[in-house]
Amino acid sequence: MKTTIAVLLFILFVMAPICRVCAENTTPKKIVEPTVNASGAVLMDYWTGRVLWGKNEHTPMAMASTTKIMTAVLALESGRLDDMCVASERAAGEPKVKMGLSPGETLKLSDLLYALMLESQNDAAVAIAEHLGGTVENFCAAMTEKAGEIGALDTVFETPNGLDKGSHHSTAYDMALITRYALMNPAFVDLINTKEISFKSDRRSYSFVNKNRFLYEYEGANGVKTGFTNKAGHCFVGAALRNGMELITVVLLDGKSARWADTKEMFDYGFSNFEYRNIVMPGEKAGTVAVIRSRGKTVECVFSRGVTLPLRSDETARVKVVKRLPESVKAPVVAGEVLGNAYVSVNDRFMTRVSLEAVSDVNRRDLKTSIEKVLNCMAGLSTRADVKVALPDF
């Protein structure tokens with residue numbers, strides 16, 4: 001009886017807690033996706049461009065002053081940051097928010113960029129557009145063309161500051177692509193993370209403070225831009241970096257307070273549930289291919305580059321790497337020659353393609369090449385008078 005009681009007490013006070021801990025460690029982590037108020041939203045990984053979560057991310061919408069991200073991109077890439085810009089009557093006549101430029105006022109292009117991105121000044125955007133494009137319309141056409149080059153194919157710019165006009169629109173996905181491109185420029189990153197700055201025009205002094213509250217409220221915040229119009233509602237494009245993972249969020253047509261809550265919830269979801277995993281390594285073996293006319297030889301193929309993707313814990317089993325190699329190729333084969341491709345997908349959605357390359361050279365070996373080799377040898381030896389050449393008996 002005492003033995004039975006002792007066993008029961010042992011199970012109750014020793015084994016039960018251990019079993020409970022083991023169960024907790026083996027129970028899959030419950031994944032709760034974001035609940036977002038915005039009409040359009042997206043969460044994108046900066047390093048790979050993979051969309052980690054979205055809501056109507058491909059639906060065209062107005063994007064307000066997040067437009068200015070592209071305005072800044074073209075200005076930075078112009079190589080004319082030291083240019084002196086003269087404000088026109090059109091620039092001076094832009095509605096608030098504006099820095100208060102007066103017609104004929106002159107200031108440096110680089111200074112206008114701080115007014116553009118720190119406090120979203122509409123007159124600064126027009127002054128930049130007119131200086132670089134000749135006209136606002138020309139500059140907006142260049143903005144749209146640049147968007148297409150980046151891959152933002154459902155974006156049309158009709159204003160450089162984001163004020164509603166005509167078919168001026170983008171999508172949450174396109175704005176994430178544009179932002180990802182912009183963040184590749186260190187000068188853009190420095191610009192959007194500037195907290196405050198002062199400078200002078202030929203007429204007055206200016207001081208600006210970065211109005212992006214996300215920079216001050218979220219650990220690892222890395223910009224990017226706020227926006228609001230009656231049509232677009234409250235918008236925000238954000239970026240944040242933690243433990244080597246950088247994410248981008250976009251919310252369009254959101255509420256004033258909701259845009260901050262939505263943004264933080266998407267970032268929290270991304271950082272809590274995704275981590276980078278190596279799918280294939282550069283130089284990893286991918287298979288062999290028979291080489292015709294090489295006397296029975298084969299050539300080994302390897303992945304030309306590695307693939308690393310941000311994955312949720314429940315996605316690792318749903319990663320597929322499909323290799324496409326021919327059964328055979330004709331000699332000669334050169335080391336580094338692309339012989340096939342591998343296609344990587346997650347959840348049956350295509351992610352990327354990787355070339356499969358030959359590891360080594362494989363020379364041609366047949367009657368024709370043997371004769372050519374002998375003749376080439378003979379041609380080289382014929383310049384020496386003391387050497388007699390005899391053709392082999394084929």
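Only one of Lys96, Lys146, Lys165 is at pLDDT below 95 and either farther than 19 Å from Cys235 by Cβ or surrounded by fewer than 23 Cβ atoms within 10 Å (Cβ to Cβ) (or both). Can you tell me which?
Exactly one of Lys96, Lys146, Lys165 is at pLDDT below 95 and either farther than 19 Å from Cys235 by Cβ or surrounded by fewer than 23 Cβ atoms within 10 Å (Cβ to Cβ) (or both), namely Lys96.
What's the total number of residues in region 155-201 that are aliphatic (A, V, I, L, M) and over 21 Å from the mean Cα position of the chain (by Cα)?
First, pick out the residues of region 155-201 that are aliphatic (A, V, I, L, M): 156, 163, 172, 175-178, 182-184, 187, 189, 191-192, 197.
Going one step further and asking which of them are over 21 Å from the mean Cα position of the chain (by Cα), we end up with 163, 197.
Number satisfying all stated conditions: 2.
Could you please find all residues in region 242-261 being in contact (Cβ under 8 Å) with a residue 60 or more places away in the chain and surrounded by fewer than 20 Cβ atoms within 10 Å (Cβ to Cβ)?
Going through region 242-261, the residues in contact (Cβ under 8 Å) with a residue 60 or more places away in the chain turn out to be 245-255, 258-259, 261.
Answer for region 242-261, where residues must be in contact (Cβ under 8 Å) with a residue 60 or more places away in the chain and surrounded by fewer than 20 Cβ atoms within 10 Å (Cβ to Cβ): Met245, Glu246, Gly255, Ala258, Ala261.
To keep it simple, each residue is scored yes or no on (1) within 30 Å of Val36 (Cα to Cα); (2) modelled with pLDDT under 95; (3) not in a loop (DSSP other than H, G, I, E, B).
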| position | (1), (2), (3) |
| --- | --- |
| Asp268 | yes, no, yes |
| Pro282 | no, no, no |
| Ser345 | yes, no, yes |
| Val354 | no, no, yes |
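For region 121-142, state whether one or more residues are within 18 Å of the chain's Cα centre (by Cα), part of a loop (DSSP other than H, G, I, E, B) and either surrounded by fewer than 18 Cβ atoms within 10 Å (Cβ to Cβ) or assigned by TED's automatic domain parsing to the domain that holds Cys85 (or both).
Going through region 121-142, the residues within 18 Å of the chain's Cα centre (by Cα) turn out to be none.
Among the residues of region 121-142, not one is within 18 Å of the chain's Cα centre (by Cα), part of a loop (DSSP other than H, G, I, E, B) and either surrounded by fewer than 18 Cβ atoms within 10 Å (Cβ to Cβ) or assigned by TED's automatic domain parsing to the domain that holds Cys85 (or both), which makes the answer no.
Can you tell me which residue is surrounded by the most Cβ atoms within 10 Å (Cβ to Cβ) among those in region 311-340 that are under 17 Å from Met281 (Cβ atoms) and in contact with a Lys or Arg (Cβ under 7 Å, 6 or more places away or on another chain)?
Leu311
Does region 18-40 include one or more residues that are at pLDDT 95 or above and not in a loop (DSSP other than H, G, I, E, B)?
Yes, region 18-40 contains at least one residue that is at pLDDT 95 or above and not in a loop (DSSP other than H, G, I, E, B).
Which ones in region 26-61 are hydrophobic (A, V, I, L, M, F, W, C) and either crowded, with 24+ Cβ neighbours inside 10 Å or outside the structural domain of Ala141 (by TED's automatic domain parsing) (or both)?
Ile31, Val32, Val36, Ala38, Ala41, Val42, Leu43, Met44
Quick check on Glu158: is it assigned to a helix (DSSP H, G or I), of a type outside the set (Gly, Ala, Ser), farther than 30 Å from Lys200 by Cβ and at pLDDT 95 or above? Steps first, please.
Numbers: assigned to a helix (DSSP H, G or I): no; of a type outside the set (Gly, Ala, Ser): yes; farther than 30 Å from Lys200 by Cβ: yes; at pLDDT 95 or above: yes.
No.
Looking at the structure I just gave you, is Thr229 in contact (Cβ under 8 Å) with a residue 24 or more places away in the chain and buried (at least 22 other Cβ atoms within 10 Å of the Cβ)?
Taking the combined requirement at face value, the residue does not satisfy it.
Return the residue satisfying two criteria in turn: it lies in region 284-301 and is of a type outside the set (D, E, K, R) and either in contact with a Pro (Cβ under 8 Å, 6 or more places away or on another chain) or part of a loop (DSSP other than H, G, I, E, B) (or both), and of such residues it is surrounded by the fewest Cβ atoms within 10 Å (Cβ to Cβ).
Gly296
Among the residues of region 82-109, write down those that are of a type in the set (A, V, I, L, M, F, W, C) and over 16 Å from Gly133 (Cβ atoms).
Passing the criteria: Met84, Ala92, Val97, Met99, Leu101, Leu107.
Could you check, for region 279-295, whether at least one of its residues is basic (Lys, Arg), touching a residue at least 40 places away in the same chain (Cβ under 8 Å) and within 30 Å of Phe214 (Cβ to Cβ)?
Within region 279-295 (the criterion being basic (Lys, Arg), touching a residue at least 40 places away in the same chain (Cβ under 8 Å) and within 30 Å of Phe214 (Cβ to Cβ)), the answer is no, since none of the residues qualifies.
The values are calculated or read from the model by the stated rules, or taken from the named source; none is laboratory data. Please read these numbers as outputs of a predicted model, since none were measured by experiment. So basically every Cβ, Gly included, is an ideal-geometry build from the backbone, and we count neighbours across all protein chains shown.
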